[in-house]
Amino acid sequence: MTKGYNVFDAIKDAVTGNLEFADDDVVKNRRALCDSCEVRNTTLDMCTVCGCILPAKIRLKESECPMEMW
């Protein structure tokens, strides 16, 4: 399983001025899906599959769910 768009991609995009954020509806939908996901670490609010911190991951336009939920 590949990690797709990851923290290194986000840093590169931030440095080059290409970082894009998802719109509010997309963020709300992703949040709802992540909140119901069985692999979410609820204490740390992170994905245990890819290791991403969810409040940041769900806001990045190019990010993808490793569980293919969004």
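The values are calculated or read from the model by the stated rules, or taken from the named source; none is laboratory data. Computed from a predicted structure; not experimentally measured. Neighbour counts are summed over all protein chains in view; Cβ atoms, including those assigned to glycine, are modelled from backbone coordinates with ideal geometry. Just the protein is used for accessible areas: all its heavy atoms, side chains included, with ligands, DNA and RNA removed. Shrake-Rupley method; radii C 1.70, N 1.55, O 1.52, S 1.80 Å.
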Q: Restricting attention to region 27-51, report how many residues are within 15 Å of LYS61 (Cα to Cα) and free of Cβ contacts under 8 Å to residues at least 40 places away in the same chain.
A: 3
Q: Go through (1) within 11 Å of the chain's Cα centre (by Cα); (2) not small (Gly, Ala, Ser); (3) not in a loop (DSSP other than H, G, I, E, B) and name the single condition PRO66 misses.
A: (3)
Q. If you take the residues in region 18-47 that are part of a loop (DSSP other than H, G, I, E, B) and under 12 Å from the mean Cα position of the chain (by Cα), which one is surrounded by the most Cβ atoms within 10 Å (Cβ to Cβ)?
A. ALA22
Q.
So ASP13 passes all but one of these: (1) under 13 Å from MET69 (Cα atoms); (2) open to solvent by less than 60 Å² (accessible area, probe 1.4 Å); (3) part of a helix (DSSP H, G or I); (4) not small (Gly, Ala, Ser). Which condition number does it fail?
A. (1)
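I'm trying to understand the selection: among the residues of region 56-69, which are open to solvent by less than 60 Å² (accessible area, probe 1.4 Å) and either closer than 12 Å to ALA22 by Cα or touching a Pro at 6+ places or on another chain (Cβ under 7 Å) (or both)?
Those that are open to solvent by less than 60 Å² (accessible area, probe 1.4 Å) and either closer than 12 Å to ALA22 by Cα or touching a Pro at 6+ places or on another chain (Cβ under 7 Å) (or both): ALA56, LYS57, ILE58, LEU60, SER63.
So which residues in region 14-60 are touching a Phe, Trp or Tyr at 6+ places or on another chain (Cβ under 6 Å) and under 15 Å from GLY4 (Cβ atoms), if there are any at all?
ARG30
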